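Structure first, then comments.
The values are calculated or read from the model by the stated rules, or taken from the named source; none is laboratory data. All figures in this text were calculated on a predicted structure; none of them were measured in a lab. Positions of Cβ are backbone-derived with ideal geometry, glycine not excepted, and every protein chain shown enters the neighbour counts. With ligands, DNA and RNA removed, areas are computed over all heavy atoms of the protein, side chains included. Shrake-Rupley method; radii C 1.70, N 1.55, O 1.52, S 1.80 Å.
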Amino acid sequence: MFGLPRKLVVDSAELQRRFYALAREHHPDFHQAAPAEERARIEATSALVNAAYRTLRDPIARVEYLVRLEEGRETKEGDIDKPKAPPALLQEMFEIQEALAEARSEAAKGALDETTRATLAEQRESLRARLKDEETRLAGPLSARWDSAAPAERPAILAAFKEALATRAYLRTVSADLTETLGGDTEAFGRAIEGRHGSAEAPRTRGGMGGHIGAPHQ
Amino acid sequence: MSSRIIGIDLGTTNSLVAYVDEATGLPRVIPDADGRPLLPSVVAFTPDGIVVGEPARRQLARRPADTVYSVKRLMGRGFEDVKDEARYLPFRILAGEGLVRLAVGGREVTPPEVSAVVLKALKERAERHFGESVEKAVVTVPAYFNDAQRQATKDAGRIAGLDVVRIVNEPTAASLAYGLHRLSEGVVAVYDLGGGTFDVSILRVKDGVFEVLATNGDTHLGGDDFDRVLALWLLEDIAARHHTELDRDCVDLARDPEAMQELRLAAEAAKIRLSSEERTTLTLPFAGFTYRREMTRADLERLVEPLVGRTLGPCRRALADAGLSAADIDEVVLVGGSTRVPLVRRRVQELFGKTPHSQLNPDEVVALGAAVQAHILAGGITNMLLLDVTPLSLGIESLGGIVNVLIPRNTTIPTSAREMFTTSADGQTLVDLHVLQGERELAKDCRSLGRFELRIDPMPAGMPKIEVTFLIDANGILQVQAKEQRSDKAASIEVKPTYGLNEAEVGRMIEDSFTYAEADVETRMLIEARNEADTVLVHAGRALKQGAHLVDVAERAAIETAVAALRAARSGDDRDRIHEATTAVNRATEHLAEVLMDAALKGALGSRRATEILGER
Ligand SMILES: Nc1ncnc2c1ncn2[C@@H]1O[C@H](COP(=O)(O)OP(=O)(O)OP(=O)(O)O)[C@@H](O)[C@H]1O
Ligand SMILES: [Mg+2]
């Protein structure tokens, strides 16, 4: 859509320039006089351009999109692989969650004691640092490797992507949980960095595609 | 030219209308017949008809129960949302489901109907200016307004006979006004603190594109709140110093809506003076005593500091959402009357580390930007484009009351999201979607926008594949479409807005707006004359009460006669007679006024006291 090569490493200034050009071309503002049907079509196109840019401008979202594309190609609808994180990480996250649960029940009784607080805060800092490392690795070397890889090497890199994405999701979830328990000063930043509305969602918030709601009526 | 589109800033306190002058290419505010650009957003429901703007504002303290102000804070809201605030509002808000209803002037009205009166007055102002009818408008709303509040604003337009072709966010509009000449390319933070709402938006300005990166705010924070904390503080002080008089006269000021309105207005006036002066004197004449005190800017700052502090969190969140830090901001723009408060400027400057822009009048800049956007839509400007975002995440309730986010906050609009749904019971013909807006994880903590019912043909459970498309248009308003894929039939959707008006209600309100027409010019002038008479009567009454012993019997009798004549004239419909009687009272009290003034000066009271007792002459 943006007329750029299909690569993971993208020239972001160029992408932005092309986005602005496309946005101008398709924005409803410039088609006010068109008939209603035409306007609805332009609105839909404009929404598409905006969504595409949103995905492409963020290196992590680009990787996620690529994984979805590749998965969709290989697997049948419905059995998309759930991302898996390394077992060691799972174990570690599990332990932190347990400690957290304990801290929470403590906190429910009275105030969190200072040492627990300090430990939790320290853990969060370390998780955040690892999260950042993981993101840098994803956006940098891993993405570059994909761009120059021969087709035969791709499945391996794809697997690495998935693992990195899953790791990132766990790190985000757990550090958000820590923030929730610790509360206080980091609220402003914590929400934005770790909130559930980032470019990716933590595994617990979304399983497969689509909701499954609708209770019987009448 | 019937394609003319005007720009309207529908403010909590003041509203304005503007357009782009073809000759200069610059936006201009259209003033009223007396040259005043601002139209106070105050609507009075009098027995003679509806009065809007300055004359309505002037009778705030006299008819508190029938004079509606700050109605914007009630737009798109339910009784539960506003019941805390309602305690401080002198007009009646009815308890009930759905959107707020007010009981004023002997009938029930909704906030969009009240706003429609303001919009209609601005529409007429523009029509007088252009000498032709005007049907289309761009109307601004706080960036942090949710879907229901935006929809309510659009409804207000329709009731006023205006096609609202675009809803624009206020801070973004302001950036357009600045962008015409004063902004260089870069990242801009717009800090907008008005009468009722606070918004902050971070934008990137490049190649004529104004791309909003993030928005945050508080739709219930503004100068009104400053006035309220100050008024409550004064109330305590009055109670402490004058409890003797209050007890003697059995007066409970807090329960006297007229006194509370006077107090609020005096608080606002003092607040405004303290923006340019270090100290000021407040003088409030009550029936049995006159309250007077000195106040410093530091006193005010102590009171409003927590409120100003509440604006900083949203600024930080907007920065974080934009992926930026304060150092990345190239320019800061101040919008809204409350940014004239020095403490606000200091805090903004500290946060962003930049001296903010305020070359354009902060009261007018939003309307000017609305005019620019109107001109873009009319085809008059082609090199500028505004790309705004949706301020709040949009989702649907899924099993267990969890919100499944479809469109995250700060997504560029227009934007769409698709979801597949199916049924859980055999033969189910109705699927119920609960659409929510907000940043919380649980549906019950988010704002309910409405329920959408999809009607489909009966099929075994899990068989239907219903594709639902949520589109947020360029106004930030949600549209929902649904299609059952197996039959390729558009599923019918019934929308049940939680805090909105349905088609039929809007239709009825349009009709009502003709039935309860705004008072015509004659009536309006009569109402104005009566208002003036009331003011003079109040002042004369006070002067007599405080200074009767200072003048002789004959003079007192003369005043009393004039007052009685004015009372009689006021109850009639003859405007000229009311005017004459008003002048007569003024003349009869002239000497008493001087005597009181002297006494006040001798008593080392500020001259203000005497003028306030006697009225400005
Ligand atoms: N010099 C001043 N010092 C302090 N406050 C002021 C000053 N001038 C105006 N204000 C306050 O600014 C507020 C009105 O600002 P403005 O007209 O920008 O608001 P609005 O557009 O009506 O409201 P909103 O944008 O919240 O809907 C009032 O609370 C008023 O008291
Ligand atoms: Mg405003």
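Side notes on the structure shown:
Listed here are the residues, each with its yes/no results for (1) within 14 Å of another protein chain (Cβ to nearest Cβ); (2) part of a helix (DSSP H, G or I); (3) on the phi > 0 side of the Ramachandran plot; (4) among the hydrophobic types (A, V, I, L, M, F, W, C).
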{"site": "B:C315", "(1), (2), (3), (4)": "yes, yes, no, yes"}
{"site": "B:A318", "(1), (2), (3), (4)": "yes, yes, no, yes"}
{"site": "B:V348", "(1), (2), (3), (4)": "no, yes, no, yes"}
{"site": "B:K354", "(1), (2), (3), (4)": "no, no, no, no"}
{"site": "B:G379", "(1), (2), (3), (4)": "yes, no, yes, no"}
{"site": "B:G400", "(1), (2), (3), (4)": "yes, yes, yes, no"}
{"site": "B:L406", "(1), (2), (3), (4)": "yes, no, no, yes"}
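- The listed residue being open to solvent by 10 Å² or more (accessible area, probe 1.4 Å) and at negative phi, out of B:T219, B:T153, B:T215, B:T172: B:T219
- Residue count for segment B:94-142, restricted to those that are surrounded by fewer than 24 Cβ atoms within 10 Å (Cβ to Cβ), assigned to a strand (DSSP E or B) and in contact with a helix residue (DSSP H, G or I) (Cβ under 6 Å, 6 or more places away or on another chain): 1
- Filter pass, B:L193 being under 28 Å from the mean Cα position of the chain (by Cα), within 15 Å of ligand 1 (Cβ to nearest atom), more than 14 Å from every other protein chain (Cβ to nearest Cβ) and open to solvent by 40 Å² or more (accessible area, probe 1.4 Å): no
- Every condition in (1) open to solvent by 10 Å² or more (accessible area, probe 1.4 Å); (2) part of a loop (DSSP other than H, G, I, E, B) is met by B:F145 except one, and the failing one is (1).
- The lone exception for B:D218 - which of (1) within 16 Å of ligand 1 (Cβ to nearest atom); (2) touching a strand residue (DSSP E or B) at 6+ places or on another chain (Cβ under 7 Å); (3) away from every other protein chain (no Cβ under 14 Å) it fails: (3)
- Residue match in segment B:3-18 (condition: out of contact with any helix residue (DSSP H, G or I) (no Cβ under 9 Å at 6 or more places or on another chain) and in a loop (DSSP other than H, G, I, E, B)): yes
- Filter pass, B:G323 being away from ligand 2 (no atom under 16 Å from the Cβ), open to solvent by 40 Å² or more (accessible area, probe 1.4 Å) and farther than 30 Å from B:L537 by Cβ: yes
- Of the candidates A:Q97, A:Q91, the single residue that is open to solvent by 80 Å² or more (accessible area, probe 1.4 Å), closer than 20 Å to A:S175 by Cβ and over 20 Å from the mean Cα position of the chain (by Cα) is A:Q91.
- Cβ-Cβ distances below 6 Å connect the following pairs, each with a first residue in segment B:105-130 that is in contact (Cβ under 8 Å) with a residue 40 or more places away in the chain, a second residue that is open to solvent by 20 Å² or more (accessible area, probe 1.4 Å) and assigned to a helix (DSSP H, G or I), and a separation of six or more residues or different chains: B:G105/B:D66.
- Unique residue being more than 17 Å from B:D147 (Cα to Cα), more than 10 Å from chain A (Cβ to nearest Cβ) and among the aliphatic types (A, V, I, L, M) when the list is B:M459, B:M420: B:M459
- Evaluation of B:D237 against (1) at negative phi; (2) in the same structural domain as B:I376 (by TED's automatic domain parsing) (one fails), failing number: (2)
- Residue list for segment A:19-39, restricted to those being crowded, with 16+ Cβ neighbours inside 10 Å and in a helix (DSSP H, G or I): A:F19, A:Y20, A:L22, A:A23, A:R24, A:H26, A:P28, A:D29, A:F30, A:H31
- Pick from segment B:1-40, criterion of a type in the set (G, A, S) and within 12 Å of B:A370 (Cβ to Cβ), ranking: nearest to ligand 1 (Cβ to nearest atom): B:G11
- Subset of segment A:17-39 [at the interface with another protein chain (Cβ under 9 Å from one of its Cβ atoms) and under 22 Å from B:F470 (Cα atoms)]: A:A23, A:H27, A:P28, A:D29, A:Q32
- Selected residue (criterion: nearest to the other protein chains (Cβ to nearest Cβ)) from residues of segment B:303-313 that are in contact (Cβ under 8 Å) with a residue 40 or more places away in the chain and open to solvent by 30 Å² or more (accessible area, probe 1.4 Å): B:R310
- Only a single item in (1) more than 14 Å from every other protein chain (Cβ to nearest Cβ); (2) within 16 Å of ligand 1 (Cβ to nearest atom) is not met by B:S184, and it is number (2).
- Members of segment B:214-258 that are of a type in the set (D, E, K, R) and within 16 Å of ligand 2 (Cβ to nearest atom): B:D218, B:D224, B:D225, B:D227
- Yes/no for B:V168 being modelled with pLDDT of 95 or more, part of a loop (DSSP other than H, G, I, E, B) and either within 16 Å of ligand 1 (Cβ to nearest atom) or out of contact with any Cys (no Cβ under 6 Å at 6 or more places or on another chain) (or both): no
- Filter result (open to solvent by 10 Å² or more (accessible area, probe 1.4 Å), away from ligand 2 (no atom under 16 Å from the Cβ) and farther than 30 Å from B:G450 by Cβ) within segment B:28-49: B:R28, B:P31, B:D32, B:A33, B:D34, B:G35, B:R36, B:T46, B:P47, B:D48, B:G49
- Just one of the listed residues (B:L263, B:L300) is within 15 Å of ligand 1 (Cβ to nearest atom), under 22 Å from the mean Cα position of the chain (by Cα) and either more than 14 Å from every other protein chain (Cβ to nearest Cβ) or under 24 Å from B:E54 (Cβ atoms) (or both), and it is B:L263.
- Boolean, B:L360 is buried (at least 20 other Cβ atoms within 10 Å of the Cβ), of a type in the set (A, V, I, L, M) and within 14 Å of chain A (Cβ to nearest Cβ): no
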